[in-house]
Amino acid sequence: MSESVKRFIVQIGMGVDQHGHDNDCTDAAVKAIKNAISNNCLCGLSEICDLKNPLDMIVNVLISCPFPEKINKKKVLRALPFGTKSLEVIQGGMIASGVMIKELGDTSDNIIVCNAAITVLIKV
């Protein structure tokens with residue numbers, strides 16, 4: 001009997017980096033992931049789906065950001081505590097004009113906004 005994979009939940013989050021250093025989207029992406037997962041208790045994984053080990057869940061992350069090429073994928077995935085993780089980064093998000101503070105290392109007045117869609121799947 002072969003295993004199939006089914007979605008358990010899709011979580012959506014938003015993250016903002018007010019100091020878009022060199023247009024790096026990593027910090028905003030990490031915040032988007034934390035925003036998506038911070039108010040969820042996935043007790044149904046163990047209580048309904050009988051998942052014994054949280055490392056066995058599959059976690060797919062979709063990040064939309066203004067500069068997809070300027071993201072540290074390893075650092076972004078470290079924001080997830082459990083599971084077999086994957087990451088797709090696409091063009092999106094938003095850039096807003098803020099204030100450049102050179103003393104904080106700012107290289108522009110860009111405020112970078114990223115969105116995250118996190119899908120948790122389990123083998124059934």
For L87, the residues 5 or more places away or on another chain with a placed amide H closer than 5 Å to its own amide H are V61
For mean projected area of the Cα convex hull in nm², with candidates (1) 7.8; (2) 12.1; (3) 8.2, the value calculated from the shown model is option (3)
Treating only Lys and Arg (+1) and Asp and Glu (-1) as charged, each at its beta carbon, one finds that the range 5-123 has a dipole about its Cα centre, in Debye to the nearest 20, of 500
Mean Cβ-within-10 Å packing, highest first, puts peptides 87-100, 65-78 in the order 65-78, 87-100
Protection proxy (average C-beta count within 10 Å per residue), highest first, orders 20-33, 39-52 as 20-33, 39-52
For the pair T107 and C41, the simple spin-label estimate (label points 7 Å beyond Cα toward Cβ) gives in nm 4.3
One would report the antiparallel percent of DSSP beta bridges in the chain, rounded to the nearest 5, as 75
Cysteines of the chain without any disulfide-compatible partner (other Cys Cβ under 4.7 Å) are C41, C43, C49
Sequence order, the range 38-51: Karplus ³J(HN,Hα) from phi using 6.51 cos²θ - 1.76 cosθ + 1.60, θ = phi - 60°, Hz rounded, Gly and Pro as x, gives 6, 10, 10, 10, 8, 4, x, 4, 8, 6, 10, 8, 6, 6
Tilt, helix 26-37 to longest principal axis of the chain (alpha-carbon atoms), in degrees rounded to tens, equals 40
Spelling it out for M57: with amide H atoms placed in the peptide plane at 1.01 Å from N, the residues 5 or more places away or on another chain with amide H under 5 Å from its amide H are G83, T84
Long-range amide H partners of N110, meaning residues 5 or more apart or on another chain whose placed amide H is closer than 5 Å, are G20, G98
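Since every read-out is calculated from the coordinates, none of them should be taken as a lab result. Since this is a predicted model, take the numbers as computed values, not measurements. Neighbour counts are summed over all protein chains in view; Cβ atoms, including those assigned to glycine, are modelled from backbone coordinates with ideal geometry.
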